[in-house]
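For reference, the structure is listed below as structure tokens.
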Amino acid sequence: MSTTKFFALVTGASSGIGFELARQLAERGYDLVISAEDDTRLQHAAEQIRAVGAQVEVIRADLRDHEQTEALFARATSLGRPLDVVVLNAGVARGGAFVDTSLTDELEIIDLNIRSTVHLAKLVLRDMTARDTGRVMITSSTASAMPGAFNSVYNASKSFLQSFAQALQNELKDSSVTVTSLMPGPTETDIFHRAGMDDTRVGRMDKDDPAQVAHQGLEALFAGKDKTVAGSVKTKAQAVANKVLPDSIKAKVHRKMAEPDSDAEG
């Protein structure tokens, strides 16, 4: 992969927002390393991104696993090219009442959404700060500002990521390394289906376009912004409301969206 083009790593890149972020980085002239757990979908994503004209290295990795996370960074940085942009996007959700969901599922949310993001950020930011250059995007969510009734661990994981990203921004303010938090609202990806939320209002509703979310996110990343709420006008309005509504009201609103069979309740 010897070239003068910029180089980026995107996790969770096999579909949805992650795929669009990778594809649009390719359109901006980046070569890429893309990673996800599902090898078949990842290979298909790589073919589509290569069609844009980018060189793409595919690294299948289950980032819930410490060794595979280490291996991903090692391989991505063994190609003889510094990482100019890193998008820490991999994540998973699980719907349902906390007392009913599997502890294994909840701990996997913590392992992927939180632990792997912290792990990769530690490796990536040490490398970038040593070079005093680089951009990192962390995919948070508008859910980070809402107590997530029937998504309790997922929303809490996004609250962690939001706080984590903002803390890093302050620590790095005197360097040339930037950290941007991407905050999408409900977006048309398979995360809700995989989370077992097809029978919820949010699972059935019309959602934002992942291409639009990715475009707005990259605009913020390259502008050096600390965060951006990305998506439709409705999503941006909800984010504004989240700033003033009490947590008890936001939890009630979230319950109506995420409780199984909630649409039948009116």
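The values are calculated or read from the model by the stated rules, or taken from the named source; none is laboratory data. Please read these numbers as outputs of a predicted model, since none were measured by experiment. Every residue, glycine as well, gets a Cβ built from its backbone with ideal geometry; the counts of neighbours run over all protein chains shown. To get the accessible areas, we keep the full protein, side chains included, count just its heavy atoms, and leave off ligands, DNA and RNA. Shrake-Rupley method; radii C 1.70, N 1.55, O 1.52, S 1.80 Å.
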- request: Determine the alpha carbon to alpha carbon distance for each of Lys158/Lys243; Lys225/Lys256; Lys122/Lys234 and list only those over 26 Å.
  value: Lys225/Lys256; Lys122/Lys234
message: Ignoring ligands, DNA and RNA, please state the percent of accessible area on the chain from carbon and sulfur, probe 1.4 Å.
response: 52
statement: With +1 at each Lys and Arg Cβ and -1 at each Asp and Glu Cβ, the charge dipole magnitude of region 166-266 around its Cα centre, to the nearest 20 debye, comes out at 380
message: Compute the helix-to-body angle for 116-131: its Cα long axis versus the longest principal axis of the chain, expressed 0 to 90° and rounded to tens.
response: 30
message: From Cα pairs below 8 angstrom and at least 6 apart in sequence, can you work out the relative contact order of the chain, rounded to a whole percent?
response: 18
- request: Would you mind checking which residues have amide H under 5 Å from Ala61's amide H? H placed 1.01 Å from N; only 5 or more apart, or other chain.
  value: Ala36, Glu37
Degrees, to the nearest 10: 233-242 long Cα axis against longest axis of the chain: 70
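Using a 1.4 angstrom probe, figure out how much accessible area the chain has per residue, in square angstrom, rounded to the nearest whole.
Here the per-residue accessible area is 45 Å².
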- line: Projected onto their principal axes, the Cα atoms of region 202-263 stretch, largest extent first, over whole-Å spans of 40, 26, 15
statement: Taking Rh as the Kirkwood radius computed over alpha-carbon pairs of the chain and applying Stokes-Einstein at 10 °C with viscosity 1.306 mPa s, one gets a diffusion coefficient in µm² s⁻¹ of 85
- prompt: To the nearest 10 degrees, how steep is helix 247-258 against the longest Cα principal axis of the chain, on a 0 to 90 scale?
  reply: 90
- line: When the chain is treated as a Gaussian network with springs between alpha carbons less than 10 Å apart, the largest mean-square fluctuation among Leu103, Leu112, Leu221 is found at Leu103
Taking only Cα atoms of region 15-98, radius of gyration then Dmax in Å: 13.5, 47
field: Surface/4 of the Cα convex hull for region 155-228, nm²
entry: 5.5
- prompt: How large is log10 I(q)/I(0) at q = 0.19, 0.21 Å⁻¹ when the Debye formula is applied to the Cα atoms of region 142-266, each weighted equally and without solvent?
  reply: -1.12, -1.30
task: Only Cα pairs under 8 Å and at least 6 apart count here; give the relative contact order of region 1-122 as a rounded whole percent.
output: 27
message: If the only charges are +1 at each Lys and Arg Cβ and -1 at each Asp and Glu Cβ, what is the size of the charge dipole of the chain around the Cα centre, to the nearest 20 debye?
response: 840
task: Would you mind getting me the FRET efficiency between Asp247 and Glu188? Use the beta-carbon distance for r and R0 = 22 Å, nearest 0.05.
output: 0.20
